[in-house]
Amino acid sequence: MNMVPKNTICLWYDGTALDAAKFYAETFPDSSVGTVYRAPGDYPAGELGDILTVEFTVIGIPCLGLNGGPAFKHSEAFSFQIATDDQAETDRLWHAIVDNGGQESACGWCKDKWGLSWQITPRALTAAISDPDRAAAKRAFEAMMQMRKIDIAAIEAARRG
């Protein structure tokens, strides 16, 4: 018997849950596609045998993709925040999302081609905006507010003044 996690993030897709899960598994470390469940009968967004749900993991977080149809769209009210260790990782993840049909937003945010929001957040940014030197934190924050993808060198330069 499959052990369902106690808490799972359920994400709504319009028939593309498996495609999204495969992309996340290929893009992020500690990510995988799990069980694919097919509908045991017809439902509003599909028919008997269609892919109903897909279990997947995104960087260790259990998720369930639900092919619920076109009724609901993703919004920025939910996002995955991914802490990156350096500029190379920041660039790789940002470009994997944006260059695969996604779109850039502000302050390290982007959306994937399914409309799911991601915050690609270097640990250096988090450290800079939480600097006990409030003037340094403010400079780093103001630099971040001008960015789309985060430029760690620019954040660190702003932090130093």
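So the values come out like this:
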| quantity | calculated |
| --- | --- |
| Long-range neighbours under 7 Å by Cβ, at least six apart or interchain, first residue closer than 9 Å to residue 17 by Cβ within the range 44-58, second surrounded by fewer than 19 Cβ atoms within 10 Å (Cβ to Cβ) and charged (D, E, K, R) | 51/38; 52/38 |
| Residues being touching a strand residue (DSSP E or B) at 6+ places or on another chain (Cβ under 8 Å) and either small (Gly, Ala, Ser) or assigned to a loop (DSSP other than H, G, I, E, B) (or both) - total across the range 74-94 | 8 |
| Sole residue being in contact with a Ser or Thr (Cβ under 8 Å, 6 or more places away or on another chain) and on the phi > 0 side of the Ramachandran plot, chosen from 59, 82 | 59 |
| Per-region count, the range 13-43, residues over 19 Å from the mean Cα position of the chain (by Cα), assigned to a strand (DSSP E or B) and without any contact (Cβ under 8 Å) to a residue 24 or more places away in the chain | 4 |
| In the range 99-132, the residues that are within 16 Å of residue 148 (Cα to Cα) and either assigned to a loop (DSSP other than H, G, I, E, B) or outside the structural domain of residue 150 (by TED's automatic domain parsing) (or both) | 99, 102, 105, 106, 107, 108, 112 |
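The values are calculated or read from the model by the stated rules, or taken from the named source; none is laboratory data. Given the structure is predicted, the values throughout are model-derived calculations rather than measurements. When we count neighbours, we look across all protein chains shown, and the Cβ atoms used for this are built from the backbone with ideal geometry, even at glycine.
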